[in-house]
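All remarks here apply to the structure that follows.
The values are calculated or read from the model by the stated rules, or taken from the named source; none is laboratory data. Since this is a predicted model, take the numbers as computed values, not measurements. Here Cβ is always computed from backbone atoms with ideal geometry, including for glycine, and neighbour counts include all displayed protein chains. Note: areas computed on protein heavy atoms with side chains; ligands, DNA, RNA excluded. Shrake-Rupley method; radii C 1.70, N 1.55, O 1.52, S 1.80 Å.
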Amino acid sequence: MERGFDQPGPANTERALEALIEGIERHGVRQVVVASTWGDTGLAAARLLRDRQVDLVVVTHNAGFKEPGRVELSPEMRTTIEALGARVHTGTMPFRNIGTAIREKQSYCQQDLVANTLRLFGQGIKVCVEIVLMAADAGLISPDDVLAVAGTGRGADTVALMAPQSSNKLFDLKVREILAKPLAW
């Protein structure tokens, strides 16, 4: 791991995006997936990558995540990010789908086991895996290596190099390298 941040959170966004650029240059990766609920991190990544030959996918929470029928990312922010050449994807989150409804009735579901196991490495690693699955499911990335950027709460604090897969092939996805993540979470 290249960078370890003392604490998780948005204060690490700038340094996480620096790690992303270093990862692009070192690994020659041409596709990036960034988690962004409200759009701040997605916009920062879109601005940073607009003059590079990199395909950027910004992944948001699914509609209804917090409030029925609502996506936290505003239409204006989506338009701004897309104007910079990025694609924005709002889709079902693999670790928060029908299993969440089952958990509410049964107190447990299998997706919780996977999500909580990934959280052993930090919330950002769990989100990196999840957004890569989502982008692959939507056909927005190729099977070539991808750099994923996510965080703990708002902002970015985690960057990981991955060999992507779609969610039905979860256990074939590979986390090749963790470029940045919080040391404590």
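For the stretch 84-151, run through the chymotrypsin sites (Phe, Trp or Tyr not before Pro) and keep only the ones in DSSP coil with at most 15 other Cβ atoms within 10 Å of their Cβ. Qualifying residues, ordered by number: 108.
The stretch 115-185 and the stretch 1-49 have Cα centres separated by 12 Å. With θ taken as phi - 60° and the Karplus curve 6.51 cos²θ - 1.76 cosθ + 1.60 applied, the whole-hertz 3J(HN,Hα) list for the stretch 102-114 is 5, 4, 4, 8, 10, 6, 7, 8, 5, 4, 5, 4, 5 Hz, x standing for glycine and proline.
For a straight C-alpha distance cut-off of 16 angstrom, the aspartates and glutamates reachable from residue 66 (same-chain residues fewer than eight places away being disregarded) are 104.
Got a number for carbon plus sulfur as a percent of the stretch 44-150's accessible area, 1.4 Å probe? The C+S portion of the solvent-accessible surface of the stretch 44-150 is 50 percent.
So what are the stretch 141-185's ellipsoid semi-axes, whole angstrom, largest first, if each one is the square root of 5 times an eigenvalue of the alpha-carbon gyration tensor?
Working: eigenvalues 91, 23, 20 Å².
After diagonalising the Cα gyration tensor, the semi-axes are 21, 11, 10 Å.
Amide H contacts of residue 155 (H built 1.01 Å from N, in plane; Pro and chain starts excluded): 41 sit under 5 Å, all sequence-distant by 5 or more or on other chains. In terms of its C-alpha gyration tensor, the chain comes out rounded, because the ratio a/c of the largest to the smallest axis stays below 1.5.
The slack between residue 82 and residue 98, meaning 0.36 nm per residue of separation minus the straight C-alpha distance, is 2.8 nm.
Using just the helices of the chain, give the 222 nm mean residue ellipticity in deg cm²/dmol: DSSP H runs with n ≥ 4 each add -39,500 (n - 2.57), and the total is spread over all residues, rounded to 500. Don't jump to the answer; show the numbers that get you there.
Working: 6 runs with 67 residues, N = 185.
Dividing the helical sum by the residues of the chain leaves -11000 deg cm²/dmol.
Cα gyration tensor of the stretch 24-63, axes a ≥ b ≥ c as square roots of the eigenvalues: rounded (a/c below 1.5), prolate (a/b > b/c) or oblate? Judged from the Cα gyration tensor, the stretch 24-63 comes out prolate (a/c at least 1.5, a/b above b/c).
Could you check what % of the DSSP bridge pairs in the chain are antiparallel, to the nearest 5? That works out to approximately 40 percent antiparallel. Overall shape: oblate for the stretch 1-77, with the ratio a/c of the largest to smallest alpha carbon gyration tensor axis at 1.5 or above and b/c at least equal to a/b.
Can you give the accessible area per residue of the chain, in Å², using a 1.4 Å probe?
Details: 9240 Å² over 185 residues.
I get 50 Å² per residue for the chain.
In order along the stretch 120-131, the phi-based Karplus estimate (6.51 cos²θ - 1.76 cosθ + 1.60, θ = phi - 60°) of 3J(HN,Hα) comes to 4, 9, x, 4, x, 5, 4, 5, 4, 4, 4, 6 Hz; Gly and Pro are listed as x.
Taking 0.36 nm per residue of sequence separation and removing the Cα-Cα distance, the residue 138/residue 176 pair yields an extension gain of 11.5 nm.
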